[in-house]
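Notes to accompany the following structure.
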Amino acid sequence: MEELRSLGELRGRGVPQLENRDGRDFTVAATHEEAAVELAKDRIQSYRDLDTCFYQIGRKFRDDHARKGLIRAKEFTMMDAYSFHASHEDLEERYDGFLEAYRRVFDRLGLSYSVVAADNGSMGGTDSHEFIAESEAGSDTYMKCDSCEYGTKDLSVEVCDGCGASLRQVDGIEIGHCFDLGTRYSESMGLEFAREDGGLDHVLMASYGIGVSRVIAAVIEQNHDDRGIDWNSEVSAFDVSIVLAHHGDEARNEARRVHNELEESGLDVLLYDGQRSVGERFAESDLLGIGLKVVVGNTFLEDGELELETRSEETTRCSMRNLMVEVRKLI
Ligand SMILES: [Zn+2]
């Protein structure tokens, strides 16, 4: 809930209005475009004040049907940004920059996603791009190209507009959205700037959002198995876990040596040598989503070899000397 200084423009749009204890106007914002325009009015007078961009990262609340774990929660974290421009060329440059930045974010998270030129729904405006991660748990149905990033919500389209490959109908999770809003908000709320020649124009505007907690849900949906989350290497807190599978001091010292060697090589390593049973150490490593285990147990005591076990239970043996080479192959 946030305070706005001017609610006049919002009246009649179905925006709920309340009064606080001091008799000032409050509203529950359905989206934050209006609040961003109010902020911009204080900061934008002339062309010299443009371009400009505001963003926030915060919790939002929605009276939604909570379902499917983290995907549609009543509380979620969102990053939203609003840019303001004097010309369409400036807006396009910034808008394309955001599209590219979002691609980099989702690529680094290891997500498989499509970019759908979406209809504008309740937001209005002239142009928008929706980032959708493929998932059976998602509630957005769309046509996906497997050869490029193209996707469309028009389910009658069978061939990719970008590369000509055939499309698949899949479900997905919306993880990001960019809107070219044009002058929709600046006209209705009176956001103008003085041009260099002194005349007045409406400010052009675009908005951008990433559902931060939704992105985590999408990564989980695309990376899990029967034992739990299988974080990909971009997201996982640990690259490797070391499971001490023997109770003697010799194995314990070796496990610590392996831990130090891997950490010194720049890997994030979790060492299991505490109170848990050996079985619990294996299970917890899987549950935490760690992709590779180094097991120090009987094979070390008998043959001086470590066992590397992937999540798909492929096991290889190696000596301490070859450890880094073998680990690098598997993570
Ligand atoms: Zn394609």
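None of Asp201, Asp239, Asp197, Asp230 is without any contact (Cβ under 8 Å) to a residue 24 or more places away in the chain and more than 20 Å from Phe131 (Cβ to Cβ) except Asp197. Set side by side, the residues Ser265, Ser213, Ser233, Ser207 differ, and just one is hydroxyl-bearing (Ser, Thr, Tyr) and surrounded by fewer than 13 Cβ atoms within 10 Å (Cβ to Cβ), which is Ser233.
Of all residues in region 140-187, those satisfying the criterion of being more than 28 Å from Glu93 (Cβ to Cβ), of a type in the set (S, T, N, Q) and more than 16 Å from the ligand (Cβ to nearest atom) are Thr141, Ser156. The residues of region 160-173 that are in contact with a Lys or Arg (Cβ under 7 Å, 6 or more places away or on another chain) and in contact (Cβ under 8 Å) with a residue 40 or more places away in the chain amount to a single one, Ile173. For region 177-194, the condition holds for at least one residue, the condition being that it is free of Cβ contacts under 8 Å to residues at least 12 places away in the same chain, outside any loop (DSSP other than H, G, I, E, B) and surrounded by fewer than 22 Cβ atoms within 10 Å (Cβ to Cβ).
If I ask for residues that are buried (at least 20 other Cβ atoms within 10 Å of the Cβ) and of a type in the set (Asp, Glu), which ones from region 236-250 would you list? Correct list: Asp239 only.
Asp180 meets each of the listed conditions (1) within 16 Å of Val215 (Cβ to Cβ); (2) charged (D, E, K, R); (3) at pLDDT below 95 apart from (1).
For every residue, the table says whether it meets (1) outside the structural domain of Leu323 (by TED's automatic domain parsing); (2) modelled with pLDDT under 90; (3) under 29 Å from the mean Cα position of the chain (by Cα).
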residue: His246; (1), (2), (3): no, yes, no
residue: Glu250; (1), (2), (3): no, no, no
residue: Glu263; (1), (2), (3): no, no, yes
residue: Val269; (1), (2), (3): no, no, yes
residue: Ser277; (1), (2), (3): no, yes, no
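In the set (1) free of Cβ contacts under 8 Å to residues at least 40 places away in the same chain; (2) part of a helix (DSSP H, G or I), Arg214 fails one condition alone, (1). When we screen Val116, Val170, Val157 for residues that are out of contact with any Asp or Glu (no Cβ under 9 Å at 6 or more places or on another chain) and either modelled with pLDDT under 90 or not in a helix (DSSP H, G or I) (or both), the only hit is Val157.
The values are calculated or read from the model by the stated rules, or taken from the named source; none is laboratory data. Please read all numbers here as calculations on a predicted model, not as lab measurements. Using ideal geometry, Cβ is built from the backbone for each residue, glycine included, and neighbour counts are taken over all protein chains shown.
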